[in-house]
Structures are given as structure tokens and as C-alpha cells.
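Peer 1: Below you'll find the structure I mean.
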Amino acid sequence: MEYGLPTSTAQDIASTIWKLRRIARWYNRHGRDVGEHEIRTFLIVPLLTSLGFAEQKLKIEWKNVDIAIFDKVYEPESEPIVLIESKRLGDGLLYASNQAERYAKLFPSCCYFIVSDGICYRLYEKVGNKWQFSSYMNLISPKRCHPYYEDVNGAVDFFLSLIPTVKT
């Protein structure tokens, strides 16, 4: 709210995050065989829609990309502004960034890409011609900064980077 988000919108986002945290904890305990499709369907897409992305601005499994986000309602000639590469729980995200970066380089309008297993989210931001790991969010245990990398922001910056209506 301190960045201009309406109170009701902030409450809706917080409510969704609490629900997703319960689901994520359940998957973390019981769902080692949960596939990428379930991660996208039950964790990632609900988070995106709660942040303000209309379903008409999201494409699932588009041009080899797990999730593409557009700044306007999707049209065939549209270019994404954010790409998301989803992985299964426990697959690790470190190497997934290479795959997502290859996809992101194909779209000049893309300014972010995310790799996620539905619980952990690594946000990369385009800085000049390079991609920089800028924010990290763990849905189960969100922090204000990355627990190990001092120059990587935490959950607050992750959300602020993605919420379409908030400009910091």
C-alpha cells in the first residue's frame, strides 16, 4: 500500500499469498511427484492473476515458454514482457535460468524472466544487454533480501517488480 496499491487490492494479494503458502507447504511435504503442469496451474498462475495480470495477458506453453506475460491483451504479433520457466519441486532453479535466458533473448520487449518451482522464484531483470538476478522470493518463507546473496533483493522487490499497477 505504501507504493500506491489500493488497500482492497493489497488485501486480495495478501489473501491469495496466504492460500498459496498453504498449498505450497502441502506440496513441499507430500508432492514430490507433482509435475510442472500442476505447479503452473495451482501456484504460479494464481499468484500472477492476484498481482493483476488478466488471463488474457497470459499464454501458457507459448513458443516453448512455460508462461509468457504480455502488457496488453494477447494478439498473435504480441511480444512478452515477462517469461516464466517452471520446474518441478526439487529440480533446482540455478540451471533453469540458462534456458529462460535463451528464450528471453528472442524477445527485445522482454524485460524480466522468472524461474520457479512454484515455491521459490528467481527474478532476472534486463540491465542493458545482460540479465541480472535481481530478486528472490520463497513463498513459504519470504524474506526482505536473499538469504545468501547480498546484492539480490527479496520478496517485497519481487512483488513490486511484477505488480502492473505499481511504479516505484
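The values are calculated or read from the model by the stated rules, or taken from the named source; none is laboratory data. Everything quoted here is computed from the prediction, not taken from an experiment. Every residue, glycine among them, receives a Cβ derived from its backbone with ideal geometry; neighbour counts consider all protein chains shown. For the accessible areas, the whole protein counts, side chains as well, though only heavy atoms, and no ligand, DNA or RNA atoms are used. Shrake-Rupley method; radii C 1.70, N 1.55, O 1.52, S 1.80 Å.
Peer 1: Which residue pairs have Cβ atoms closer than 6 Å, lie 6 or more positions apart in sequence or on different chains, and pair a first residue in segment 56-77 that is over 19 Å from residue 98 (Cα atoms) with a second residue that is aromatic (Phe, Trp, Tyr) and open to solvent by 20 Å² or more (accessible area, probe 1.4 Å)?
Peer 2: What qualifies is 59/74.
Peer 1: Something else about it: Name the pairs whose Cβ atoms lie under 7 Å apart, with the first residue in segment 9-31 and under 16 Å from residue 44 (Cβ atoms), the second open to solvent by 70 Å² or more (accessible area, probe 1.4 Å), and 6 or more positions between them or separate chains?
Peer 2: Partner pairs satisfying both residue conditions: 23/42.
Peer 1: Looking at (1) at pLDDT below 90; (2) surrounded by 13 or more Cβ atoms within 10 Å (Cβ to Cβ); (3) among the polar types (S, T, N, Q); (4) touching a helix residue (DSSP H, G or I) at 6+ places or on another chain (Cβ under 9 Å), which is the one condition that is false for residue 168?
Peer 2: (2)
Peer 1: Within segment 48-75, how many residues turn out to be open to solvent by 10 Å² or more (accessible area, probe 1.4 Å) and assigned to a loop (DSSP other than H, G, I, E, B)?
Peer 2: 10
Peer 1: Right, something else. Kindly indicate whether any position in segment 25-37 is aliphatic (A, V, I, L, M), under 20 Å from residue 159 (Cα atoms) and open to solvent by less than 20 Å² (accessible area, probe 1.4 Å).
Peer 2: no
Peer 1: Could you please find all residues in segment 120-150 being part of a loop (DSSP other than H, G, I, E, B), modelled with pLDDT under 90 and over 18 Å from residue 80 (Cα atoms)?
Peer 2: 141, 142, 143, 144, 146, 147, 148, 149, 150 - these are the residues of segment 120-150 that are part of a loop (DSSP other than H, G, I, E, B), modelled with pLDDT under 90 and over 18 Å from residue 80 (Cα atoms).
Peer 1: For segment 104-130, which residues satisfy the criterion of being farther than 23 Å from residue 16 by Cβ and buried (at least 19 other Cβ atoms within 10 Å of the Cβ)? Before you say what the answer is, go through the steps one by one.
Peer 2: First, the residues of segment 104-130 that are farther than 23 Å from residue 16 by Cβ: 104-111, 124-130.
104, 110, 124 - these are the residues of segment 104-130 that are farther than 23 Å from residue 16 by Cβ and buried (at least 19 other Cβ atoms within 10 Å of the Cβ).
Per-residue answers, yes or no, for (1) part of a helix (DSSP H, G or I); (2) not aliphatic (A, V, I, L, M):
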{"position": "41", "(1), (2)": "yes, yes"}
{"position": "46", "(1), (2)": "yes, yes"}
{"position": "78", "(1), (2)": "no, yes"}
{"position": "93", "(1), (2)": "no, no"}
